[in-house]
Amino acid sequence: MTISITTEFIRKTLYPIEVIDTPDILKQYAHDTLSCYDTNAAAILFPENTEQVQNIVQFAKKHHLKLIPSGGRTGMTGGATAIQHELIISMDKMNHILSINKTERLITCQPGVILQTLHEYVELHRLFYPITLAAKGSCQIGGTIATNAGGVHVVKYGNTRQWVAGLKIITGNGDYLDLNSRGLMKNNTGYALHELIIGSEGTLGIITEVTLRLTQLPKKPMTLLLSHDSLHHVMTCFNTTKQSITLLAFEFFDQSSLNQVMQHQTLQQPFQNEAPFYTLIEWEATPDSEELVFQLLEKGLSEGWVSDGVFSQNETQREQFWQYREHISEALRQDQPYKYDLSIPIASIPDFYEQVMPLFQQDSMRLQSAWFGHIGDGNIHLNVFQSTPNMQTEFYAKCEKLNQTLFAYVKKYGGSISAEHGIGLLKKPYLSFSRSASEVKLMQQIKTIFDPYHLLNPGKIFDMPSDDHHQNSAV
Ligand code: 2HG
Ligand code: ZN
């Protein structure tokens, strides 16, 4: 039986949970940074604790309503986008740090805590949470777990997965699960269920509490900005620096990315001469760091794999270097680019680039591209855009046409169609380039175990064979 559920009814039944359905706020919460979908969220709910989240899921189950867990909405694949009249569960009010345990180096917090707030809090305790990304000022911890966020320090510290010690969740069936939330380092008692939640994009359960591992603060970093005349030289640079240095970051960007960021942030060209590629390399400074830098630069310049270089002499300069890299995504946004977030085995990146670049340059396409990302862990953020942004639908259709060839190359090189941004809605049609039919079937079965009524984040990652795509009856 389908009944129409009004916001008033939701508000009354779930009191005291705040429920909002004013059109401008609905619009704002109905999507992430990707704005290419027609969104239609029914209402936004703002629970404050685990029990209230459980009440919402039980309510949704009873009235056949679909739910979207929503964090800082900084994602880039439509993973938190409402297109089926879903109810959005915002974690904005679940933003409290609950405890810090210095002996075990653990922090427990609610999922709505902003990543940067967590960084600042743990630093006050002389500890460090190493996951950091350009969106740190607005992304929420829960979202970084749901997408297994990577960021700029993956070469040294790995992805979010490595730092999640335990979780509390509410499944799509409305069950409360405590998944090693005490953060035990050793707990071999069967399947590590919390691992399944990490990277599941809100399709299995709603995270209501998080326990993260912390580590010691790194020493003051040394940062190097270099230019190179080819990606092969970037690779030589990566291999050479890795031999003498424990890298904290090894990022890259091309001249096209640099042009956009310089214009957006009003920055100067870092070197006298332009170059096809730039790298930003960071490691923990040691007493011999400066000497090491001089040796590296000397070797790189004389052997030709570095065209120019400069290193940071103080924190201000270091921040200036990072501006060239951290603001690229924001700078590109104004051109509404088509986004790729690819993982390519590192050594194959130059070959991959040589195969793929001509695809955009061919006469029928004439598209511009910006290549940047975390080359030290094989993650390339390829953004494609038109020289004069217009006819967005035709432009997207062009890119989608290219995808078959491009993703075939990704597969050929043993890469992945999504490195750190997830699948969401945007990459769903291409999942088969990275996951086999048997794997997808298994994931669908797992989803049904956690979420038997398919209430949670419908249509994200993959479609469920049994879903008839009926829209929510919430109005
Ligand atoms: C970054 O590394 C982010 O800057 C965003 O992951 C990448 O906008 C992008 O494509
Ligand atoms: Zn990134």
### Message
I'd like the accessible area for Lys411, computed on protein heavy atoms only with a 1.4 Å probe and all protein chains in place. Round to 10 Å², please.
### Response
120 Å²
### Task
Can you bin region 103-162 into rounded, prolate or oblate? Criterion: square roots of the alpha carbon gyration tensor eigenvalues sorted a ≥ b ≥ c, rounded for a/c under 1.5, prolate for a/b above b/c, oblate for the rest.
rounded
### Query
How would you classify region 325-475 from its alpha-carbon gyration tensor, with a ≥ b ≥ c the square roots of the eigenvalues: rounded for a/c under 1.5, else prolate if a/b is greater than b/c, otherwise oblate?
prolate
### Task
Quickly estimate the mean residue ellipticity at 222 nm for the chain, helices only: each DSSP H run with n ≥ 4 gives -39500 (n - 2.57), and the total goes over all residues, rounded to 500.
-10000 deg cm²/dmol
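Rounded, prolate or oblate: pick one for region 138-210, where a ≥ b ≥ c are the square roots of the eigenvalues of its C-alpha gyration tensor, a/c under 1.5 means rounded, and failing that, prolate if a/b is larger than b/c, else oblate. Show your work: numbers first, answer last.
Working: a/c = 2.12, a/b = 1.27, b/c = 1.67.
Here region 138-210 falls in the oblate category.
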#### Entry: Under 29 Å from Lys102, Cα to Cα: lysines that are on another chain or at least 8 residues apart
Lys93, Lys136, Lys156, Lys168, Lys186, Lys219, Lys220
### Message
For q values of 0.10, 0.17 Å⁻¹, compute log₁₀ I(q)/I(0) with the Debye formula on a Cα-only model of region 1-101, without solvent.
### Response
-0.27, -0.76
### Summary
The distance between the Cα centres of region 10-38 and region 349-389, in whole Å, is 35 Å
## Note on the structure
At the level of C-alpha centres, the distance separating region 239-285 and region 94-117, in angstrom, is 32 Å
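For region 332-372, what ratio Rg/Rh do Cα atoms give with a Kirkwood hydrodynamic radius? Before the final figure, lay out the partial values.
On the way: Rg = 11.6 Å, Rh = 11.7 Å.
With Rg and the Kirkwood Rh in hand, the quotient comes to 0.99.
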### Task
Could you tell me the largest-minus-smallest coordinate of the C-alpha atoms of the chain on each of the three principal axes, in descending order and whole angstroms?
75, 60, 42
### Task
Return the distance in nm (one decimal) between the two label points of a simple spin-label model at Glu439 and Arg182, each offset 7 Å from Cα along Cα→Cβ.
3.5 nm
### Message
Students often forget the sequence filter, so: which lysines lie under 16 Å Cα-Cα from Lys299 once same-chain residues fewer than 8 apart are removed?
### Response
Lys242
### Task
Working from Cα positions, state the angle (0 to 90°, nearest 10) between the long axis of helix 289-303 and the longest principal axis of the chain.
70 degrees
### Solvent-accessible surface (1.4 angstrom probe) belonging to Glu394, in square angstrom, nearest 10
100 Å²
### Query
How far is the Cα center of region 121-195 from the Cα center of region 292-344, in Å?
28 Å
### Query
Which aspartates and glutamates does Lys401 reach when only Cα atoms under 15 Å apart count, and residues fewer than 8 places away in its own chain are ignored?
Asp363
#### Entry: Angle in degrees between helix 437-450 and the longest Cα principal axis of the chain, rounded to the nearest 10
50 degrees
#### Entry: Per-residue HN-Hα couplings for region 362-369 [Karplus 6.51, -1.76, 1.60; θ = phi - 60°; Hz; x = Gly/Pro]
4, 3, 6, 10, 6, 9, 9, 9
### Task
Holding the Cα-Cα limit at 20 Å, pick out from Lys398/Lys428; Lys27/Lys428; Lys61/Lys428; Lys398/Lys427 the pairs that are longer than that.
Lys27/Lys428; Lys61/Lys428
### Query
With every protein chain kept in the model, how would you rank Thr7, Thr74, Thr266 by accessible area, 1.4 Å probe, largest at the top?
Thr266, Thr74, Thr7
### Task
Can you tell me the 0 to 90 degree angle between the C-alpha axis of helix 315-326 and the longest principal axis of the chain, rounded to 10?
70 degrees
### Task
Would you rank Thr448, Thr81, Thr246 by solvent-accessible area, highest first, keeping every protein chain in place and using a 1.4 Å probe?
Thr246, Thr448, Thr81
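Sorting Arg105, Arg182 by accessible area (1.4 Å probe), largest first, what list results?
Descending order: Arg182, Arg105.
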### Task
In Å and from the alpha-carbon atoms only, list the Rg and Dmax of region 386-475.
16.0, 48
### Task
Give me D for region 167-274 in µm² s⁻¹, whole number, from Stokes-Einstein with Rh from the Kirkwood sum over alpha-carbon pairs, 25 °C and 0.890 mPa s.
130 µm²/s
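The values are calculated or read from the model by the stated rules, or taken from the named source; none is laboratory data. Since the structure is predicted, the reported quantities are computational estimates derived from the model, not experimental observations. Reconstructed Cβ throughout: ideal geometry from the backbone, glycine too, with neighbour counts over all protein chains shown. These area figures cover heavy atoms from the full protein model, side chains too; ligands, DNA and RNA do not enter into them. Shrake-Rupley method; radii C 1.70, N 1.55, O 1.52, S 1.80 Å.
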